[in-house]
Each structure stands twice: as C-alpha cells, then as structure tokens.
C-alpha cells in the first residue's frame, strides 16, 4: 500500500498582521491564496485605497501599536515592508550611512535592552524613518518573550536591496526560534512585468507540529520566469535560466493589452545622474522599476505621447486592473507597494504552501472591488 503523501497546511489556518501595509500588495496576495490578514497603515492615502479595497486595516502609526493589541491577537504570521526611503539608492542615503548604527540597535534588541531605551535613542537619528526597520524584529521578539503571546509561526519581510545586511542580522537574531532564508529577488523572475530588486527574508518557527507543519522545506521561492538581461530584441534573450524555468519574462504589452502597441516609455529622470540619459523601455520589454514618479514618465505610442493611468501603473506591479486607487499621492502608493504576484510566491514559501497555483494567480488577476461581484471561494492555493 502506497503511503499517503504529506499534505500542505491549509491557508485558512493562517492570519497575517502586515506592518507598514501600504495600499495592500501583500494583503491581496494573501487573499488570493486564501490567507486572511490585517494591515497597519498610517498614511491617509494608502488607508483610503485599502478601505475601498475592503482590506481590514488599523489606521495608526506602527510605533503606537503592539502585538498585544486586541486587533492583532489572532495573528500567527508577521509581515512587513518598512519605509525604504532612507535606504534606497534614489534617496539621500541616510539609512545606508546609518547602517552600522541600525545593526547595533538590532544587537541591543537581541540582548533584550529595554525597548523604551532603544526608542529614546532612535529618536536621536537624523531621519526617524531609518529606525522603523527595527519594528518587525521588536514585534517578533516581544511575541517570543511575552508569556501572554504565542511566537509567530512565520515571518515575511521585504525592502530595498540595501537592507539585506539588516535582514542577515535579523536571521541571526531569530536563529534560536526560527529557520530563515534571505536574499535579493528579482520581480521579473516571478512573472511581474517589471525589473525590480527586493531584499526578502522569510522565517518559519522551528519544530512546528500539528496542522501548521509543512513538508516543504523553508527556502525562498524558486524563479518561474527568466531574468531580463536587456538586449535589442526578445529573441536575443534566449533561455538563459535553463529548462527549469522556461517561461520568458512578461512584457509591458502583455500586461497592458488595451494599450496600442508598439510604445516606448521614457523615464522622467536621467540614468547615472545624467539628466540627458533618460532610460527607455519598449513595449515588448518589462517595465523599469515602478517608482513614485511613474506618472511623470512619457509613453510614446502610435497615437502620440501620454502617461500611464493609475490602473496601468498598478498592473505593472501586478495589482488587478480594477484596483480602487484612492486618496492622495497615488503614484507614490503604487511605487511603494509590494508587487502582489511576488507577494504570493513569498507568502507561499514562508508558510510552506508550495508554489502558488494557476487558480490562485488567476484569482489575483481577476479580483474585483467588494460589492461588484461575489467573491471567489479562496479555499486553498
């Protein structure tokens, strides 16, 4: 008799608390997988978008919240993408210059220094946003140390590549309780029509037993699409990643089927600091990194020059076409967001659900705002 194959845990068993949740990239990724979530977001624009999208949200500064708050007591997965402006290459670099300082704060958390002391010293940093990257570790360690709480089953974190040393320090800090994996992922390798790099850490509690146990070993998700390597034509790309991931990258034309082709996107700002060297991408290529300035990019097509709509910019991030972008500074909301399709792969890897199914990916793409149709049955991934 053939022994029964071990089963993946059911998505409905998990509930995510998403710190710095933004307009909802991780949350709708979770929803497409059948995983529930609640977000913490203080920005009024992002909160307006989340509200129209029907995503449960605590409209508050993360620093004013705690895992002991009643709203979060049922969460068994911790997620977060702390603000990246001070770490990003495009920013002023306060986070990079303060990296050694941040790593010292991580060690103070590991040594269980009083959080009130750490908060007081964080307030002395030149850019207070730099210290926000410590919040997920603070929440994770509090859940471990507080006898009234259960440690999170899994942790999912993402940021700009410059933060990878912080995630490495996180991995060491959590090593007694969690197995971890971290690295820089490229979004186009997961079917996102955009070249974008993100530093990702996933963690899963060691020796978990019962219904949450997974037979899938913890490791970052494997690419499903080829890496984009530039070139003058699609044919020049070849199958550089081998037969294991045969699908090519997704072009802007594939992502935006209603936009007349061919078109060329011309960046608003210059490459390498040269204002005349404006980057260009053709419609048969993936988009360059979607930033908060995407609404300023010129799109040159058969009918002249225009700009991407919010819906189009969101689709380049793999948000559904009808995502209800609302409030102020929508371009910035879109640029700051986690690409939902990448989010599905990361969440699935962290929870041991296996690779997202085509049904789950289709559920993301066909998502509609609440009230416009009956919601799909999201049981299983």
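Values as computed for the structure displayed
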{"quantity": "Spin-label proximity, residue 247 to the stretch 330-348 - amide N less than 17 Å from point 7 Å beyond Cα toward beta carbon", "calculated": "339-348"}
{"quantity": "Percent of beta bridges antiparallel (DSSP, the chain, rounded to nearest 5)", "calculated": "60"}
{"quantity": "Peptides 142-153, 286-297, 109-120 ordered by average Cβ neighbours within 10 Å, highest first", "calculated": "286-297, 142-153, 109-120"}
{"quantity": "Helix 164-173 axis, angle to the chain major axis (alpha carbon atoms, nearest 10°)", "calculated": "20"}
{"quantity": "From the coordinates shown, mean projected area of the Cα convex hull in nm² corresponds to which of [x] 21.9; [y] 28.9; [z] 20.9", "calculated": "[z]"}
{"quantity": "Relative packing of 308-317, 343-352, which averages over residues the other C-beta atoms within 10 Å, highest first", "calculated": "343-352, 308-317"}
{"quantity": "Zone residues, the stretch 21-39, relative to residue 359, backbone N less than 19 Å from point 7 Å out along Cα-to-Cβ", "calculated": "29-36"}
{"quantity": "Anisotropy class of the stretch 30-71 from Cα gyration tensor, a/c 1.5 cut", "calculated": "oblate"}
{"quantity": "Highest average packing first - 198-205, 11-18, Cβ atoms within 10 Å", "calculated": "198-205, 11-18"}
{"quantity": "FRET efficiency, 1/(1 + (r/R0)^6) with R0 51 Å, evaluated for residue 303 and residue 61 via beta carbons", "calculated": "0.70"}
{"quantity": "Computed [θ] at 222 nm, deg cm²/dmol, the chain (DSSP H ≥ 4; -39,500 (n - 2.57); rounded to nearest 500)", "calculated": "-7500 deg cm²/dmol"}
{"quantity": "C-alpha center-to-center spacing [the stretch 189-206, the stretch 8-63] in angstrom", "calculated": "18"}
{"quantity": "Estimated FRET transfer efficiency when R0 is 35 angstrom, pair residue 206-residue 282 (beta carbons, to 0.05)", "calculated": "0.15"}
{"quantity": "Rounded to 10°, Cα long-axis angle of helix 99-110 versus longest principal axis of the chain", "calculated": "30"}
{"quantity": "Extended-chain gain in nm, criterion 0.36 nm per residue less alpha-carbon gap, residue 215 and residue 184", "calculated": "8.7 nm"}
{"quantity": "Residue with peak Gaussian network fluctuation, the chain [Cα springs, cutoff 10 Å], from 57, 318, 261", "calculated": "261"}
{"quantity": "Convex hull of the stretch 245-319 built on C-alpha atoms - directionally averaged projected area, nm²", "calculated": "5.7"}
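Any read-out appearing in this document is the output of simple, stated calculations on the displayed coordinates, not a laboratory observation. Predicted model only: the values in this text are computed from it and were never measured. Please note: Cβ atoms are built from the backbone with ideal geometry, for glycine as well, and neighbour counts cover all protein chains shown.
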